1. Just for helices (runs of 4 or more DSSP H) wholly inside the stretch 64-160: which have at least 3 residues that are modelled with pLDDT of 80 or more and surrounded by 11 or more Cβ atoms within 10 Å (Cβ to Cβ)?
2. Could you go through the stretch 201-217 and let me know if any residue there is part of a helix (DSSP H, G or I), over 60 Å from the mean Cα position of the chain (by Cα) and modelled with pLDDT of 75 or more.
3. Suppose we filter the stretch 171-196 for residues that are within 16 Å of residue 94 (Cα to Cα) and at pLDDT below 90; how many remain?
4. So which of 350, 355, 279, 322 is in the same structural domain as residue 368 (by TED's automatic domain parsing), at pLDDT 70 or above and in contact with a helix residue (DSSP H, G or I) (Cβ under 8 Å, 6 or more places away or on another chain)?
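The values are calculated or read from the model by the stated rules, or taken from the named source; none is laboratory data. Predicted model only: the values in this text are computed from it and were never measured. Using ideal geometry, Cβ is built from the backbone for each residue, glycine included, and neighbour counts are taken over all protein chains shown.
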């Protein structure tokens, strides 16, 4: 839909702003309906709550032991890590288990209690009947069940009911757990809560005893096998020791290990000596045995003590010859004696060198023989050591088997004795800190809470429904709708006046004494129109609406009355389809009027009727023509209006609805201003937009909109009407004054 502005100009859509007052107005509009809806629902909920069976809830408190009491500090056969968080979660789930529930059900004979053997509810029976009556849904086959199957089905039903009514609630950061059960019988609720705790404790003790007895039997049977295995392993060890003549295997291995180490060290030393001697012999063979001067340069020979001593003697003899040579001649007896002594010493040096070389050769052979002997000895010791270590490994294997069998036997024997001693003593996994007692007050239904919640919920639902209805209601309701959604000027409003159903409002109600507020609203409408047309010569005024029964004739008449109080006014009934002016003013149907004047069968004076009470000149419709649109489109109609303009100050034309026919579009071309009448809270927004759009497309001069039949009781719900209606009765006070 297009947005429509005064003078036919388009106005861009205004930015939407959330107005909380609109929401409050909606709530205020439907407040009594919302309240009575909430009140009715609350009363109904209260009646239902009063008929509901009271449910009692009894609670017992258990303390789950983290460390159970023991007569002797032996490890438990039935192991649970009570120090971990999972231990307590496991115990909570055990309390909820079907095993506990089944034992409680059997112990307290749930199947015999009327509370747990009620027939199906009316809703369930109705649901089953509907399901059976629908042909395309699968039907349940009739299956014959055995007594065991029937009993099992009944038990499953009881287990489901029991599970729904049982509540296990651990207390945070403690070892306490609360066991609660709901029942119609307060005493029975306490009985069940205590029974759950008792069965849980008994079930744990029974399970623990069964495990201990099974463990004791298994340990006894295993001890016999372990004893046989231990005896066999000990016999094998002793037989092997006697067969191999073993006394102290570890000592023999130690001696051989030391001997092997010493021989290996000696062999290394001998090989090093042999290698050194062989290297000296290679040098001697390279130098030659007769080259004494080179042999003397060998470090091993030079460093020998005998050679060093002989060399000292040679040096001493040479020094003596040198000294004597400086004093005596070559033939002097002392010189001869000194030379002879030097020769003898050098000869001795040569002899000693040769002797040393011969000794080195012998030492090489001796070291070679020593190395060979040590290698043979090392090989022998290794073979002996490997044999002893092999026996030691076999011995250790047999000994380890004996030790393992003995250790297992001792462990099982000790555990068997512990289990045998403690099997008849069982500490409880939990104990009651508070047993459940018969509650005095039911926990549900909480009647006051149900009524309050029903009231609040239905109140909220009523508000939602009100907003939905208001959202779906796209009728024109207020001045803000006209100005914001239709982009038109609000000229005024006419309040809804109470009158008999099926009858129209009295045409002269404007002049009646009790119609002061209505009359003032009409005058306000007149003033608004006149002020909006101050700069225009708007003498001919057409009034139309979207559809019939929106009050355009009443609006036309009352506008003419109010204008007639100041000016000379003519009211023309141009609605040739469904004229109502004649009937409303009591004019005879045969009285000539506009149609007769257009076709020229009557004069203008004959087509006029003067209302005695108001003095208003009225031109009725006249004879209803077969072609009203052609008459209104004729040039004669325009000439008639031009003539009438010279005789009257204002001409008010009541036209046909825009959506029904096109008569008002044709008339709008000849008028100075057009007023659009909208029935409040009845005419839909889209219809008004369409009608205004057709008029603006036809270049009609739309002056504004009059909101008719406004329910003044809803004024606060729809917005601000101040300035359009004497809501506070100011007119009455002024006239009284």
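1. On the way: elements: 85-96, 98-107, 122-133.
Those helices (runs of 4 or more DSSP H) span 85-96, 98-107.
2. Restricting attention to the stretch 201-217, the residues satisfying the condition of being part of a helix (DSSP H, G or I) are 201-217.
Among the residues that remain, those that are also over 60 Å from the mean Cα position of the chain (by Cα) are: none.
Checked against the condition, which is being part of a helix (DSSP H, G or I), over 60 Å from the mean Cα position of the chain (by Cα) and modelled with pLDDT of 75 or more, the stretch 201-217 yields no hits at all.
3. Final tally of qualifying residues: 1.
4. 350
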